[in-house]
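The values are calculated or read from the model by the stated rules, or taken from the named source; none is laboratory data. None of these values were measured; they are calculated from a predicted model. Reconstructed Cβ throughout: ideal geometry from the backbone, glycine too, with neighbour counts over all protein chains shown.
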Amino acid sequence: MEFIDYQDFSVADTIASETPTGDSLPEPMQRLNLSTYTGNPSVSSMDTNFKLPDIISSDSKFANVTLYDKMSQYAAISIKALNSNDNEGKVTQDIGHDNLTKIPTTKNHDSNKIVRDLNNMVSRSSVDLKSLDTKNLVLSKKLSKILNDYNSSNYKSTIELKRNLKFLEENKSNILLDKEKLISSEYTGTLSRKTLRSDIENEVLKEHIKVLEEFRPIIRRMKRFSGPLDKIRDESRFILSETEDQSQGKNRNIRLLNTIDSLRNDMELIKLKKKLLLAIKEKFTLNQVEDDIIINGKINNEYFDVLNKVIKINEHATYLLALPQDKAGGALIEKVNRYNGIISKKIFNYLMDFIYNFESNEWSTFDRQYENVYNTKTFHRALVYLSNDLEFFQEFINKVTSVRSKSFLDKFLSQFDINKKKNNDIKPIVLSAHDPIRYISDLLASIHSLIANEADFVKSLFKFQYEEFENTPKSILQENQAEFLNGLDIKLLNDIVQSISNTCRIRIEQIIRFEESDTINFEIVQLLELYHLMFVKKGITKENELIKNLDSLKKTSNKKIKVCFTKFLTDNIKSIQYGENSDLLQPDWLSEYLNKLVEFFELYERRKGPSSFEPDIDDQFSSDEGNSTLDKKMLDTVAKEPFLVTLIKQLNDAFPQARKNEHTKLSLLTVEINCFDLIKTRLQPFKNTILKPHNDQESIFDLVNDKLKDFVSQMKEIQSKFLFESTGLGMYNNLFNMIFPIDSIQDELDYDMYLSLNENPLMSLSTINENVHEKLNEYIPQAMTDIQEKLLFKLTSPSIADEISENCFQKLSKFYDVFQKILIHLNPENEQHVLEILNFTSIEFHTLLGLE
């Protein structure tokens, strides 16, 4: 029922005449509450047990019946009809007590059918149709009409309705539709739907009026031309009309037409000449306005347009020189050259004013930013045009370089002025004796800040490789872009920065030359390398004096590091003496030097990082010996020569009798083992980083390790010799090894190699008993204690001492076992006597020596 509006209650048929004059049409009522209706048969049907008003009674009984009651009755009947259709069209409930025994079940609720059903219901009670109340008939007709309209099967009207609704949906933003009001069921919705059509018609009318207004000037112009066209038409008719004498009139018309054609051709020729002269004048001359712009105008886009024309005139003027009379061409070229001179001076002055004003303090911050943004492109275009005149262009570049270099140097030097007015944000750079690194870092940081600011300034004004200018002749860009403009910002920046190269070098060099610490010098090298990369990243080329000075300072600092180590060795290495009861420890300078060297290596590793010791990077550093801190030459100076040359020479000088006296040699070896074991221990962490091999060469760590092994091997030989002599087996050990090495014996067949010893008097059992038995029994029980406490007690490394003692005891034990078996093999009949001389079994001998 929500489709009912106010108009649906109007009486538009003949039945309206029967309505009493006292009855007024009812006002629109609230929507019927149909929320309880559902089409699902499983849900209980709506309660329709309401009392139907008595429509056949007299007027007095019908007076209290309202329209709402009648509409409720009809709605209930309709809903009941829908429920009855879902239940196979059967009516199962009696809806009233007023002889209403049948409800229409058809789905086509047209008005005639509804009226017929109502008539049938009333006829069963023998009531005449004319006695029905007029309002009931109006209600049933209107409701039937609404239902018929809602379920209309008219295809064309449905399509038209959809198209109109779609149009409204697409243009709802243009016609300002309020969708919420249009679909509202309240009274405001009804009014909105009423006014929708009039609003749309007004908008369409406005559009039609707008189109007609656009046609108005065209029609006015047509009316203005209508008069002359009528005259032309009349004259044409007069000329072409025939007179009474046709031959005479025809001849007169032909002469008149020929005259007209001749005049028209002359007019076209004059127009062509005029057009040609105007084109030549436009191409080769400037008008008064353009001439005034060249002389008195400001540098702006209008000025550049005139300048483009001058350039084109200059290009086209060369064609005039090819004419038979070249005076015009020469005069034109002379005039253009005069223009070019004026233009170059004007552009030069503009560019210089722009540079001076750019860094002046006359503008406020806002005005300067606005002016810079507005004029930067104009500055670029002016500089492009100036590049045609090499004299003015080079003079401008030189002046910019001079002005900016002076300003750059003043800004740098002002940071060292202690007496200037103090600013809370900027503090002067002051050299402190306790922190030279801070001074150098502040100095380089200030230079980097100045370079960054200067790079921004230069690139904002002189970077052209990515700029495109409208209305700029291509010849200028093609001729000057690569030669003069490309890289102009980098060239200017390097020329400006070069002004502080010597000042920077002097201030850093005085720190390096008086600094005696290797670690501080290395920190300086790291700072120089860091800012070298940062300066290059900002556009400073490697050929710049500032970069060259930084490289020179790095070399100086690297040399200073080497001097620090060599000076330490020179000042601390002195002659030493070891007494008989000396501890045979390493010299004092060695520990201090190792501490200094290890501290430097650790700092180097921290600063460089693990990636710097990769093979390719390491080779690169080693190849650049001047700029690398720890190159091969440097490592040889600080790590190889002090240990493998200086230390060994000092120890040999401390034991001059080592070559003649084996006991002195043993003391020398003890000191050397102690020294090189300490060196190996301290350099072990740098084996695979700083001290790793270079280019398939043996590393310094490997050389130190090999030297230590050599000293340990010599110690083993001397200790073994002393051990054999203490047991009396030394002479026999030498004799047996001369015939056949003891270490080469594999089985008893090899014992036959010693049968020739039966003829040697030293091999007699009595001689062996005198030379061996007593010494062996006296020394073997205390051999282990004697070796470990007396001979190896002074070795600082317990592992090396155990290695030497175990090696000596194993050699002695093996020879004792072989010696005993060979004697039994040579004297089988005196085996018991041999066992009495060598009275220890192999197991006992091993046990006494502490072997497993």
When Gly341 is evaluated against the numbered criteria (1) among the small types (Gly, Ala, Ser); (2) out of contact with any helix residue (DSSP H, G or I) (no Cβ under 8 Å at 6 or more places or on another chain); (3) surrounded by 17 or more Cβ atoms within 10 Å (Cβ to Cβ), which criterion, by number, is the only one it fails?
(3)
So, in the range 493-523, of the ones that are more than 19 Å from Thr566 (Cα to Cα) and of a type in the set (Val, Ile, Thr), which residue ends up surrounded by the most Cβ atoms within 10 Å (Cβ to Cβ)?
Val497
Qualifying positions in the range 176-187 - loosely packed, with under 13 Cβ neighbours inside 10 Å and in a helix (DSSP H, G or I):
Lys179, Glu180, Tyr187
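The rows are residues; the columns are (1) surrounded by fewer than 17 Cβ atoms within 10 Å (Cβ to Cβ); (2) at positive phi; (3) not small (Gly, Ala, Ser).
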{"residue": "Asn777", "(1), (2), (3)": "yes, no, yes"}
{"residue": "Ser799", "(1), (2), (3)": "yes, no, no"}
{"residue": "Leu812", "(1), (2), (3)": "no, no, yes"}
{"residue": "Glu831", "(1), (2), (3)": "yes, no, yes"}
Residue among Met763, Met715, Met784 that alone is surrounded by fewer than 17 Cβ atoms within 10 Å (Cβ to Cβ) and of a type in the set (A, V, I, L, M):
Met784
Breaking point among (1) in contact (Cβ under 8 Å) with a residue 60 or more places away in the chain; (2) closer than 21 Å to His825 by Cβ, for Pro761
(1)
Exclusive hit being of a type outside the set (Gly, Ala, Ser), closer than 30 Å to Met634 by Cβ and surrounded by 15 or more Cβ atoms within 10 Å (Cβ to Cβ), set Leu729, Leu678, Leu757:
Leu678
Do the conditions hold for Leu533, that is, is it of a type outside the set (Asp, Glu), under 27 Å from Leu647 (Cα atoms), surrounded by fewer than 20 Cβ atoms within 10 Å (Cβ to Cβ) and under 35 Å from the mean Cα position of the chain (by Cα)?
no
Of everything in the range 542-576, what is polar (S, T, N, Q) and touching a residue at least 60 places away in the same chain (Cβ under 8 Å)? Give them in sequence order.
Asn558, Thr566, Ser575
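Can you find even one residue in the range 228-235 that is among the β-branched types (Val, Ile, Thr) and within 30 Å of Leu168 (Cα to Cα)? Working first, answer last.
Residues of the range 228-235 among the β-branched types (Val, Ile, Thr): 232.
Next, only the ones that are within 30 Å of Leu168 (Cα to Cα) stay: none.
No, the range 228-235 contains no residue that is among the β-branched types (Val, Ile, Thr) and within 30 Å of Leu168 (Cα to Cα).
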Check Thr727, Thr681 and return the single one that is over 30 Å from Ser756 (Cα atoms) and not aromatic (Phe, Trp, Tyr).
Thr681
Name the residues in the range 280-321 that are among the hydroxyl-bearing types (Ser, Thr, Tyr) and buried (at least 18 other Cβ atoms within 10 Å of the Cβ), would you?
Tyr303
Consider Gly539 carefully, then state whether it is of a type outside the set (D, E, K, R) and without any contact (Cβ under 8 Å) to a residue 24 or more places away in the chain.
no
How many residues does the range 546-583 contain that are of a type in the set (A, V, I, L, M) and within 13 Å of Phe522 (Cα to Cα)?
3
Check Leu590 against each of (1) surrounded by fewer than 17 Cβ atoms within 10 Å (Cβ to Cβ); (2) of a type in the set (A, V, I, L, M); (3) in a helix (DSSP H, G or I) and name the one condition it does not meet.
(1)
The one condition Leu431 fails out of (1) surrounded by fewer than 15 Cβ atoms within 10 Å (Cβ to Cβ); (2) at pLDDT below 70 is (1)
In the range 680-734, how many are assigned to a helix (DSSP H, G or I) and farther than 30 Å from Arg606 by Cα?
24
Among the residues of the range 295-314, count how many are in contact with a helix residue (DSSP H, G or I) (Cβ under 8 Å, 6 or more places away or on another chain) and part of a helix (DSSP H, G or I).
13
If you take the residues in the range 593-623 that are assigned to a helix (DSSP H, G or I) and among the acidic types (Asp, Glu), which one is modelled with the lowest pLDDT?
Asp618
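Look at the range 536-547 and say how many of its residues are aliphatic (A, V, I, L, M) and under 22 Å from the mean Cα position of the chain (by Cα).
Quick first cut of the range 536-547, residues aliphatic (A, V, I, L, M) only: 536, 540, 546-547.
Cutting the leftovers down to under 22 Å from the mean Cα position of the chain (by Cα) gives us 536.
Matching residues across the range 536-547 total 1.
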